[in-house]
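*Asks:* Below is one structure. I have some questions about it.
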Amino acid sequence: FGILDEQITLGDSIGPDEYRLWPKDSYKVGKTQEAFDKQILRDWLTEQGYQKQFDDARDAGKEPVAPKIPEEIISKMTERYVTAYEKLSGHHL
C-alpha cells in the first residue's frame, strides 16, 4: 500500500491465492479456517494420491499427467473465488 494523489493505493495484488483470506464472522483462533483459496483442490489432489504421482513423475524427469478434476471441486472453488471477489470489491458478479 502507498499514497498516490492523496489516496491509499494498492501496489500489489490481493487475492485468495496470494494471501489467506478468511471470513471474519466464522474465524476462530486455533481452528482450521474456511478459506477463499485453492486449498480444496490441493487437499483433493493429496487425498487421491495425485500429489505423490506428480512428485514422482517430476523426480523421474517426466511430465506429470493432470487428473480430471471433479465438477464438485470446480464448483466449490468457483464459489470461493466469486465470494472472495465480491467481499473484496463490494461488487456482485
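*Asks:* Only residues in the range 68-93 that are more than 17 Å from ILE40 (Cβ to Cβ) count as the first member; pair them with residues that are hydrophobic (A, V, I, L, M, F, W, C) and surrounded by 12 or more Cβ atoms within 10 Å (Cβ to Cβ), Cβ under 8 angstrom, at least 6 apart or cross-chain, and list the lot.
*Replies:* That search, which allows pairs on different chains as well, returns LYS87/LEU21; LYS87/PHE36; LEU88/LEU21; LEU93/VAL82.
*Asks:* Let me ask you something else. Restricting to the range 67-93, give me the number of residues that are under 18 Å from GLN39 (Cα atoms) and surrounded by 10 or more Cβ atoms within 10 Å (Cβ to Cβ).
*Replies:* Total satisfying the criteria: 17.
*Asks:* Can you name every residue in the range 23-39 that is hydrophobic (A, V, I, L, M, F, W, C) and surrounded by 14 or more Cβ atoms within 10 Å (Cβ to Cβ)?
*Replies:* Matches in the range 23-39: ALA35, PHE36.
*Asks:* Filter the range 44-59 for residues that are open to solvent by 70 Å² or more (accessible area, probe 1.4 Å) and of a type in the set (Asp, Glu); which is farthest from GLU71 (Cα to Cα)?
*Replies:* Among those residues, the one meeting the criterion is ASP59.
The values are calculated or read from the model by the stated rules, or taken from the named source; none is laboratory data. Keep in mind that what you see is a predicted model, and the values were worked out from it rather than measured. In this analysis, Cβ positions are derived from the backbone assuming ideal geometry, glycine residues included, and neighbour counts consider all displayed protein chains. Remember, those area values only see protein heavy atoms, side chains included, never the ligands or the DNA or RNA. Shrake-Rupley method; radii C 1.70, N 1.55, O 1.52, S 1.80 Å.
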